Amino acid sequence: MEKIITAHKLTKRFGDFTAVNQISFAIQKGEIFGFLGANGAGKTTAMRMLCGLSMPSSGEATVAGFDIYRENEKIKRSIGYMSQKFSLYDDLTVKENMRFYGGIYGMTDTFIRDKTASILEQLHLEKEGDKLVGSLPLGWKQKLAFSVAIFHDPPIVFLDEPTGGVDPVTRREFWSMIYQASAAGITIFVTTHYMDEAEYCNRVSIMVDGRIEALDTPAQLKQTYQAKSMDGVFLKLARKATRAAD
Amino acid sequence: MIRQTNTMNAVEVSHLVKTYGKKKEVLALDDISLVVGQGELFGIIGPDGAGKTSLFRILTTLLLADSGRASVDGYEVVKQYKEIRNWVGYMPGKFSLYPDLSVAENLNFFATIFNTTVKKNFDLIRDIYVQIEPFQHRRAGKLSGGMKQKLALSCTLIHRPSVLFLDEPTTGVDAVSRKEFWEMLKRLKQQGITILVSTPYMDEAGLCDRVALMQNGSILSINTPQRVVSEFRNELIAAKSQKMLQLLEALKGYEGTENAYPFGEYHHVVMKKGFGMNGLKSYIDKVSAIPVDMVATEPDIEDCFIALMKDE
């Protein structure tokens, strides 16, 4: 299997504080990889390095075959990103948002036109194309934001708590979109505070105090830590944390 | 100040309606009624956009409803808003302390505003405040998320409120800190404080005395968590196999399936009346070659919420 993300002893220090401490892992193409950890464990810092937004202090990593020190601009072009906090522009219409994101990633007019039509059809939003995103229900917005994050057909998409505050039905519809993207070969790197969502991942890593404390399939983790659910696994590991939560 | 205790309900809400927009096009609260008893830990459970914050802002006298009535501790939210403001504590979802004041300065400020002192009510916040006391000279804006939350709760409690409104205190908070926060709430409840807490996390419903499940401005159900679950009448089956995606499609294809959706490591299947696990099992064996594990299971709040959303 092709490795699409690799990290070897990846480390980030801020002064004398080690936010990310020698993490190593490899993620396969098309994998749904859950990146869990308590607040302040170092998830965001690690994710920022992998997205090419923050330079590591030491260690190595490649994303989509590019080196995170020398080729971070190429990495930015090869990934999609979505978070609950920042996704779409409320004061642009659905189509304008797509035009904007497609333009940012240097897509051609023809590509943008065709892709816009296919996303609207797929989401059954044909009639809403000219409506302001701000006027749409939250559930639609989140699904639209995911489609826009993979608008430029990136090999990898980073999802930072994509389903926070979303109702249970929409949350599941959102995950079925993740499965479809994964089946189409897109690698999914996702953080979440919902432990049932950890079960939907192929593999899960759990960070504690800057280190990856566990990395395995959900089934194997539950067996290793003698827990009934991923919630139990998470509590066992995260309670070991000694540094203050953020 | 000595608080007059009375026997009336802590919160009474009757037919509240709230709209936003020039043409009242956004219906935030659609005829909401509920009653919260003295000393109750009452949860308002629902996703973003359900109307939780609008309801809290009306009850804390920061927002006017279009119609309907509401009272807190027997005081009417419009006419007697000044009384209510003296006796409630409100922790908004967004961090609202002064970022350029230190931890200790913030706490003193809120105590003084309410005509009291930190010393006088320190017993109420001791458990929470000791955790941030080592940083008492740090500016509030420089605290980590978890510490900001503890300071905000301390400031909300420092005047010993009779009713506490906590708007999504655990949103974006990890599973361990969430557990700790709920343990703090349990201790506050033991002090006799009525607590209304809103959350989008369905699994927190079980920690409340009673819950209101909210969606799109309406209340789907008000009950004890146990009763919400026991009112789920359909048979529920958990199923898993090596191929979860294909299994879900197969489960949805059965004529006796009311609803089927992923649920952690399993899929949950809600059976129509008159259908059961045996029928489902033989159907799945017929249409799919993959071995399937099936077991009857108990619904939880999230199953109930999904079922109630479907009924709407």
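General remarks:
- Förster radius 56 Å - calculated FRET efficiency between B:Lys286 and B:Arg139, Cβ distance, rounded to 0.05: 0.25
- Take every pair of alpha-carbon atoms less than 8 Å apart whose residues are at least six positions apart; their mean separation over the length of region A:1-106 yields a relative contact order of 24 percent.
- Charge dipole of the protein assembly as shown (Cα centre as origin; +1 on each Lys and Arg Cβ, -1 on each Asp and Glu Cβ, all else neutral): 1260 debye, rounded to the nearest 20.
- Proxy reagent accessibility, fewest Cβ within 10 Å first, across A:Phe234, B:Phe56, B:Phe122: B:Phe122, B:Phe56, A:Phe234
- Averaging 1/r over each pair of different alpha-carbon atoms in region B:232-311 and inverting the result gives 12.5 Å, the Kirkwood hydrodynamic radius.
- Put in order of Cβ neighbour count within 10 Å, fewest first, the listed residues B:Glu312, B:Glu180 become B:Glu312, B:Glu180.
- Relative contact order of region B:232-311, pairs being alpha-carbon contacts under 8 Å that are 6 or more residues apart, as %: 39 percent
- Among A:Tyr89, B:Asn121, A:His124 the positive-end extreme of the charge dipole of the protein assembly as shown (Cβ point charges): B:Asn121
- Using bins of 10 Å that start at zero, the share of Cα-Cα pairs per bin across region A:165-246 amounts to 16, 45, 32, 7, 0, in whole %.
- Over chain B, relative contact order from alpha-carbon pairs under 8 Å, at least 6 apart, %: 19 percent
- Using alpha-carbon coordinates, inclination of helix B:301-311 to the longest axis of chain B, degrees: 70 degrees
- Lysines with Cα under 28 Å of A:Lys115, excluding same-chain neighbours fewer than 8 positions away: A:Lys3, A:Lys29, A:Lys74, A:Lys76, A:Lys85, A:Lys95, A:Lys127, A:Lys131, A:Lys141, A:Lys143
- Dipole magnitude of chain A, debye to nearest 20 (Cβ charges: Lys/Arg +1, Asp/Glu -1, about Cα centre): 600 debye
- Spacing of the two label points (7 Å from each Cα toward its C-beta) at B:Val295 and B:Glu180, in nm: 3.3 nm
- Ordering B:Leu101, B:Asn216, B:Pro47 by Cα displacement along the dipole of region B:11-229 toward the positive end leaves B:Leu101 in first place; charges were set at the Cβ atoms of Lys, Arg (+1) and Asp, Glu (-1).
- The protein assembly as shown: projected area of the alpha-carbon convex hull, averaged over directions, in nm²: 27.7 nm²
- Remark: spin-label model distance B:Arg227-B:Asp123 equals 3.4 nm, labels positioned 7 Å along the Cα→Cβ axis.
- From the Kirkwood radius over Cα pairs of region B:11-229, Stokes-Einstein at 10 °C and 1.306 mPa s returns a whole-number translational diffusion coefficient of 89 µm²/s.
- Region B:97-186 - Debye-derived log10 I(q)/I(0), Cα point model, q = 0.17, 0.21 Å⁻¹: -0.69, -1.07
- Straight-distance candidates among the aspartates and glutamates for linking to B:Lys272, with alpha-carbon spacing under 16 Å and chain neighbours fewer than 8 residues away dropped: B:Glu231, B:Glu235, B:Glu255, B:Glu258, B:Glu298, B:Asp303, B:Asp311.
- Beta bridges per DSSP with both ends in chain A, % antiparallel, nearest 5: 55 percent
- Spacing of the two label points (7 Å from each Cα toward its C-beta) at A:Asp90 and A:Lys228, in nm: 4.1 nm
- Whole-Hz couplings from phi, Karplus 6.51/-1.76/1.60, listed for region A:104-110; x for Gly and Pro: 4, 8, x, 6, 6, 4, 4
- Backbone HN-Hα couplings from phi across region B:104-110 [Karplus 6.51/-1.76/1.60, Hz, Gly and Pro as x]: 5, 5, 4, 4, 4, 4, 5
- Applying 1/(1 + (r/R0)^6) with r as the Cβ-Cβ distance of B:Arg187 and A:Asp109 and R0 = 51 angstrom yields a FRET efficiency of 0.25.
Computed from the coordinates by the stated procedures, all read-outs in this text should not be read as laboratory data. Because the structure is a prediction, the values reported are computed rather than measured. Reconstructed Cβ throughout: ideal geometry from the backbone, glycine too, with neighbour counts over all protein chains shown.
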